[in-house]
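The values are calculated or read from the model by the stated rules, or taken from the named source; none is laboratory data. All values reported here derive from a predicted model rather than from experimental measurement. Positions of Cβ are backbone-derived with ideal geometry, glycine not excepted, and every protein chain shown enters the neighbour counts.
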């Protein structure tokens, strides 16, 4: 009996110790998981700088995004790296200028990728999703991908656990273009499967929102990264019956106000699940607004497709209760390229070190450190393959202009602090600043290339010789 008692005591003690160790490990794991913030990036398509209330819109009702701004910080000098879709998105994913990863244009020289395109995001690149996967994050994308529609380029091959959405622009379907430019039917995908052809786009923002909410709920007990690149308000604009015809700015305004509704649903979900204090939520756009379709970029000059400020400086709001100052405005020059290294640092992992990354860690800037300054000496504006402008501090130097620039004299120097409209050329008054920015332009040309001149730091895009459409018949 004594032997059995001691054996049972030993077994019970061992079990207790094992349970205690397991509990300690689980608690430590939970603490480590809790220390890692969730990341949500809402990336609109063609939204204008002043298309939301907190950036000056008087046409569009955006109370939820405005609430984000009052509870977070507006970034008024937030840049994307291109005035159009695919190049801009390549920078968000890789932390690099489009020319560095060779996605500044497609294989035919067009400025975005098209269905059946041979070029796409190289699987050898390390994406923001892959970086976070390594840190134990669940990763999901709901919306527009536009970095290649061949199987090897799809988001599920680029670090995302889950994908739901239209893989390129919503005007790239069979019914959107006249012959002979017709594309295959527009695909709606779940992961790598086409689940619908030519989906009802009036419901697409609603469906994206439902999928995003479900992803958050499914992964509420682990750190997650949700990338929500809306299809709207890119042309052709659509809105559900709840929003159609309800705005003061036609179809454009209807689409914008539905995106605001979607943002509000996400905010409410985070609060309901007690996740909002551990979630960095970012709202922004892929490029400047398409003014011919209803967008507004005031007070910036230009819009989508240009290297004027209205083409590449976009509205941006970041919210993270307790970590990002509430009701503030930051004018430091930051970029979509910075999100990859910043998210990596906040998640406790390192950004890729085997290749050059153009983005910088801006954690101190976004969290309101009064001493934090932009980590960028320069920002480069490319139009397709051509370097057109350089910004350093408040100065912007235009060295070329591909479209409509035959009769213009260069260089042109603008002080963006006093002349955000880029209307007063100060090149003659500040020759020393012109020379400084010309030297920076030379650095860009050597590293990233310019025109037909290849840069020493350029890498290859992905390439598929025999490309097929996602909805082509077998």
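Structure values in brief
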{"read-out": "Qualifying residue in region 56-64 (condition: under 28 Å from residue 278 (Cα atoms), within 18 Å of the chain's Cα centre (by Cα) and at pLDDT 95 or above)", "value": "no"}
{"read-out": "Search result, residues across region 241-259 that are part of a loop (DSSP other than H, G, I, E, B) and closer than 26 Å to residue 276 by Cβ", "value": "242, 243"}
{"read-out": "One residue from 437, 413, 470, 426 being in a loop (DSSP other than H, G, I, E, B), under 15 Å from residue 390 (Cβ atoms) and touching a strand residue (DSSP E or B) at 6+ places or on another chain (Cβ under 7 Å)", "value": "426"}
{"read-out": "Flag if residue 38 is under 30 Å from residue 389 (Cβ atoms) and modelled with pLDDT of 95 or more", "value": "no"}
{"read-out": "Residue among 303, 359, 322, 311 that alone is within 16 Å of the chain's Cα centre (by Cα) and assigned to a loop (DSSP other than H, G, I, E, B)", "value": "359"}
{"read-out": "Residue list for region 65-94, restricted to those being over 16 Å from the mean Cα position of the chain (by Cα) and in a helix (DSSP H, G or I)", "value": "65, 66, 67, 68, 69, 70, 71"}
{"read-out": "Filter result for residue 106 (surrounded by fewer than 23 Cβ atoms within 10 Å (Cβ to Cβ), in a loop (DSSP other than H, G, I, E, B), touching a strand residue (DSSP E or B) at 6+ places or on another chain (Cβ under 9 Å) and outside the structural domain of residue 387 (by TED's automatic domain parsing))", "value": "yes"}
{"read-out": "Residues that are under 18 Å from residue 276 (Cα atoms) and in a loop (DSSP other than H, G, I, E, B), drawn from region 201-231", "value": "219, 220, 221, 222, 223"}
{"read-out": "Filter result (assigned to a loop (DSSP other than H, G, I, E, B), within 22 Å of residue 111 (Cβ to Cβ) and more than 16 Å from the chain's Cα centre (by Cα)) within region 149-165", "value": "149, 150, 154"}
{"read-out": "So residue 314, is it within 22 Å of residue 96 (Cβ to Cβ) and surrounded by fewer than 24 Cβ atoms within 10 Å (Cβ to Cβ)", "value": "no"}
{"read-out": "Residues of region 401-438 classified as at pLDDT 95 or above and either in the same structural domain as residue 49 (by TED's automatic domain parsing) or closer than 19 Å to residue 304 by Cβ (or both), total", "value": "3"}
{"read-out": "Single condition residue 352 does not satisfy, out of (1) at pLDDT 95 or above; (2) in contact with a helix residue (DSSP H, G or I) (Cβ under 8 Å, 6 or more places away or on another chain)", "value": "(1)"}
{"read-out": "Long-range neighbours under 9 Å by Cβ, at least six apart or interchain, first residue over 20 Å from residue 76 (Cβ atoms) within region 373-390, second modelled with pLDDT under 95 and part of a strand (DSSP E or B)", "value": "none"}
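Table: residues versus (1) touching a residue at least 40 places away in the same chain (Cβ under 8 Å); (2) farther than 22 Å from residue 71 by Cβ.
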{"position": "209", "(1), (2)": "yes, no"}
{"position": "216", "(1), (2)": "yes, no"}
{"position": "229", "(1), (2)": "yes, yes"}
{"position": "242", "(1), (2)": "no, yes"}
{"position": "248", "(1), (2)": "yes, yes"}
{"position": "258", "(1), (2)": "yes, no"}
{"position": "275", "(1), (2)": "yes, no"}
{"position": "288", "(1), (2)": "yes, yes"}
{"position": "294", "(1), (2)": "yes, yes"}
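Here's the yes/no breakdown for (1) surrounded by fewer than 24 Cβ atoms within 10 Å (Cβ to Cβ); (2) outside any loop (DSSP other than H, G, I, E, B); (3) out of contact with any strand residue (DSSP E or B) (no Cβ under 8 Å at 6 or more places or on another chain); (4) on the phi > 0 side of the Ramachandran plot:
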| residue | (1), (2), (3), (4) |
| --- | --- |
| 338 | no, yes, yes, no |
| 342 | no, yes, yes, no |
| 346 | yes, yes, no, no |
| 353 | yes, no, yes, no |
